[in-house]
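What follows is one structure encoded as structure tokens, with my remarks underneath.
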Amino acid sequence: MKNVLTIAGSDSCGGAGIQADLKTFSALGTYGMSAITAVTAQNTTGVFMVKELDVETVAAQINCIYDDIEVHAVKIGMVSSSEIIETIGRCLMEKGARNIVVDPVMVSKSKYKLLRPEACAALVKVLLPLADVVTPNIPEAEELIKGSIGTVEDMKQAAREIYDMGPKNVIIKGGHLAGDAVDVLYDGRRMVLFEGPRIATRNTHGTGCTFSSAIAAYLARGYAMKEAVGAAKEYITTAIAHSLALGRGAGPTHHFY
Ligand code: PLP
């Protein structure tokens, strides 16, 4: 069994955050563990409250896992503040963490700011250089490059610019553009495009969390980056195709066991 850790926020309605990550890890045959950065009160219609945990609590969760259990991959999701980001960076460096997937979570689909705007610079400075892969969607990539993205060519250029910020690989998710969902993976040498059908559903809550967790699970299982991203793309496409019409808003993706 391979062990995967998520460092992220809790989503009380179970569609995104830590809950999506753990479901994905299990569905992909890995053992899931969690270090919670913040607790959110949310449902399918939106985020109603966020309570950040203090940095000692975040560090203690990460450290006691690494001190006892082999962590084959780690996914970082909602990190909330610069202090939490710096703490995570320090812990992962001290523990020699490997297979680090950074999902630069910034704003929820319901438009709630999950990352304090002033913490974006810390995310770039501390977490991107540690990342084996960073997985921004189009709005997150636009925030990182301070520019706009309207085409696949723009995505490729953004991937080059984000690569220069230090991660070993960049994958930009094209779901926010019109047409098929094309994702671009750049490893500093080659651009690889992953194409998937656009699925007409409003139930897409937690798609970003699920995709980055699936990459982490496949890396833990020993897949190379390109194969891990391809397999994760298949997993998220199926999870969206079978998404659940729960609640009055955007329902969650479905995980298969
Ligand atoms: N809540 C938490 C804790 C998250 O980590 C995320 C996304 O990463 C979200 C909510 C946002 O989910 P979505 O934008 O898919 O609705």
Please report how far the C-alpha centroid of the range 30-97 lies from that of the range 183-257, rounded to the nearest whole angstrom.
21
Local electrostatic count at residue 159 - Lys and Arg +1, Asp and Glu -1, tallied over other residues with Cβ under 13 Å:
-2
Each residue of the range 121-128 in turn: what ³J(HN,Hα) in whole Hz from Karplus with 6.51, -1.76, 1.60 and θ = phi - 60°, glycine and Pro shown as x?
5, 5, 4, 5, 6, 9, 8, 4
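Let me check I've understood the local charge: for residue 130, count other residues with C-beta under 11 angstrom from its C-beta, Lys and Arg +1, Asp and Glu -1. What total comes out?
+3
What does the charge add up to near residue 247, with Lys and Arg as +1, Asp and Glu as -1, over the other residues with Cβ less than 15 Å from its Cβ? Each step should come with its number before you reach the end.
Working: positive: 109, 202, 248; negative: 11.
So the surrounding residues net to +2.
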Among 35, 61, 4, the residue whose Cα sits farthest towards the positive end of the charge dipole of the range 1-68, when +1 is placed on the Cβ of each Lys and Arg and -1 on the Cβ of each Asp and Glu, is 4
Can you work out the Karplus-derived ³J(HN,Hα) for every residue in the range 172-184? Use 6.51 cos²θ - 1.76 cosθ + 1.60 with θ = phi - 60°, whole Hz, and x for glycine or proline.
9, 8, x, x, 7, 8, 6, x, 4, 7, 9, 10, 10
What residues qualify as long-range amide H neighbours of residue 204, i.e. H under 5 Å apart, gap of 5 or more or another chain, H built at 1.01 Å from N?
251
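Take peptides 162-172, 60-70 and line them up by average Cβ neighbours within 10 Å, highest first, as a rough protection proxy.
162-172, 60-70
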Counting pairs of alpha carbon atoms under 8 Å apart in space and at least six apart in sequence, what relative contact order in percent does the chain give?
20
Excluding residues on the same chain fewer than 8 positions from residue 109, give the lysines whose Cα lies under 24 Å from its Cα.
23, 51, 75, 146, 156, 173, 233
Percent antiparallel among DSSP beta bridges confined to the chain, nearest 5, equals 45
Table column - 3J(HN,Hα) (Hz), the range 195-200, Karplus curve with 6.51, -1.76, 1.60, x for Gly and Pro
9, x, x, 7, 9, 7
Place a +1 charge on the Cβ of each Lys and Arg in the range 3-241 and a -1 charge on the Cβ of each Asp and Glu, then give the dipole magnitude about the Cα centre in debye, rounded to the nearest 20.
440
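Rule-based calculations on the coordinates, nothing more; no lab input. Remember, it's a predicted structure, so these values are computed and weren't measured experimentally. Using ideal geometry, Cβ is built from the backbone for each residue, glycine included, and neighbour counts are taken over all protein chains shown.
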